[in-house]
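Below is one structure, written out as C-alpha cells; the observations come after it.
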Amino acid sequence: MTVARRKIINPADTPWYHCISKCARALPLFRIKGSYFQRWMELRLRFLSKHFAISVAGHTFMDNHMHLLLRINTKEVEQLSSEEVTRRWAELFPPKDSKRKKVKDLQAWIKKHAADSEWVKTRRERLVDIGWLHKCLKEPLAHMINQAEGKKGTVFQGRYKSIGILGLRALLNTCIYIDLNPVAAGIVTTPEASPFTSIAIRFRNVIRQGRAADLVAAYKECGLDKQRTAELEQSLWLLEIEDRSKYGAPREGMTDAITLAQYFLLVDYTGRKLRDGKASMSPEVAEVMERLKISEQLWFEQQQSLASGSFRGHYFATSREKLREIAERRRKRHLVNCNGCSTL
C-alpha cells in the first residue's frame, strides 16, 4: 500500500533522506546518448542544490537508477527573506507573461510576488520539499530521454523511494554505500574512478586544489590533524564531510566525528572488502570504527543488506532506540528497519 509522502518525510524525525529512483522496465535509459544524461544530471543537481534549501551529501547516477543522499535545511529556508525566496523560485521556474513569453522586468515581478505573503509561504515550503527537487530534476530529464528515443511514456518506475536516515553510523553507512555503487556493480575497481558519484567529485576537488599531499598526510595520521584538510571542501557544491561550523566555517558539514581523510579511508577499506573480501583492517581504519562505536562485522552486515537493493522500510537506523522513539511519536508498535538491517 502506498504511503503518503508527508507521512514518510518529516524533518522533525530526521533531516536526512536516501532517495532512489529507477528507470522504467529497468532499462539503461541514462545511457541512450553515452554518458550525456549522467553528466547533465550532475550539473542539474548542482544547480538545484544552490536554489533549494536542500543539501546534497551524496549521489550516484548508474545506467538505470540513481541514488541521492539529501539533507533538508529547515533553518536555512526560515532565514531567507521574501525577496530571496521569490528570486530563487524565479530562477527555478523563469516567470512568463500572459503570452507565455519571458517577463521583461524580472525585478518588478520579484517585488510584486515578494509582497504576497501567502504566495511566498507556499514557495518557502517547496524549497525544502524533496518532492519538488525531484520534480525539477526528473521532469526535464524524462522529456529529454523521450525526445532522444523518439518515444512517449513513463521513464521512471513510479515515485522515488525515500528512506529516513537515523543516526551518524546509519548516515555514513548510507553515504558510503551510495559512493560504492559502481564498485559493487563491477564497473570500476576503485572508488575514485567511479563515474558520476559524489566520491569522485570529492577526490577530483582535492586534486584540482593541489592538496593531495595534505590529504595523504592526514590519511596516514588517520586524519587526526584537522588543519591539514581544513577548507578543502568549503567551495564544493556538495555538502562537506567535515562539519567545521563550530570553528567558524560558513556552512555546516555532515559530521564532526570524522575528517575527510578518515572518510576516504573508510570508503577505500569498505570498497576493497566488498570487491574481493580479502581486505585487512589497518590500525587507522580500526580507529575510525572504534570512534564510530561499531564492529566490523555489523558494518559489513549493514552494507550487504543495503546492497540487496530491495529497500524495504521507510527508515534506516543502526540502533533500536531512535526507531522506538519515532514509532512512539507516530503511535505505531514498531518501525521496519531498512532491509532488516541489524541494529545495536
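The values are calculated or read from the model by the stated rules, or taken from the named source; none is laboratory data. Every value quoted in this text rests on a predicted model; they were computed, and no experiment measured them. FYI the Cβ positions are ideal-geometry reconstructions off the backbone, even for glycines, and counts take in every protein chain you see.
Observations on the model:
- Condition met for residue 324 (more than 27 Å from residue 212 (Cβ to Cβ), surrounded by fewer than 19 Cβ atoms within 10 Å (Cβ to Cβ) and basic (Lys, Arg)): yes
- Residue selected from region 9-42 under the condition among the polar types (S, T, N, Q) and within 22 Å of residue 158 (Cα to Cα), by the criterion surrounded by the most Cβ atoms within 10 Å (Cβ to Cβ): 21
- Enumeration of residues in region 46-61 that are under 11 Å from the mean Cα position of the chain (by Cα) and not in a helix (DSSP H, G or I): 54, 55, 56, 57, 58, 59, 60
- Out of 60, 86, sole residue that is among the hydroxyl-bearing types (Ser, Thr, Tyr), buried (at least 19 other Cβ atoms within 10 Å of the Cβ) and in contact with a Ser or Thr (Cβ under 6 Å, 6 or more places away or on another chain): 60
- Within region 26-61, being of a type in the set (A, V, I, L, M) and at pLDDT below 95 holds for 26, 27, 29, 32.
- Only one of the numbered conditions (1) on the phi > 0 side of the Ramachandran plot; (2) at pLDDT 95 or above is violated by residue 158, and that is (2).
- If you check 259, 318, 255 for being under 19 Å from the mean Cα position of the chain (by Cα), farther than 26 Å from residue 161 by Cβ and assigned by TED's automatic domain parsing to the domain that holds residue 172, only one passes: 259.
- Looking at region 225-344, the helices (runs of 4 or more DSSP H) lying wholly inside it that each contain 3 or more residues that are at pLDDT 85 or above, of a type outside the set (Val, Ile, Thr) and touching a helix residue (DSSP H, G or I) at 6+ places or on another chain (Cβ under 7 Å) sit at 260-276, 296-307.
- Top-ranked residue of region 62-111 - restricted to ones that are in a strand (DSSP E or B) and in the same structural domain as residue 39 (by TED's automatic domain parsing), ranked as nearest to residue 128 (Cα to Cα): 72
- All of (1) surrounded by fewer than 24 Cβ atoms within 10 Å (Cβ to Cβ); (2) not in a helix (DSSP H, G or I) hold for residue 178 with one exception: (2).
- Residues that are farther than 12 Å from residue 266 by Cα and surrounded by 13 or more Cβ atoms within 10 Å (Cβ to Cβ), drawn from region 284-294: 294
- Note on region 31-58: residues that are among the small types (Gly, Ala, Ser) and within 14 Å of residue 128 (Cβ to Cβ) amount to 3.
- Number of residues in region 112-158 that are in contact (Cβ under 8 Å) with a residue 12 or more places away in the chain, assigned by TED's automatic domain parsing to the domain that holds residue 87, part of a helix (DSSP H, G or I) and over 24 Å from residue 47 (Cβ atoms): the value is 1.
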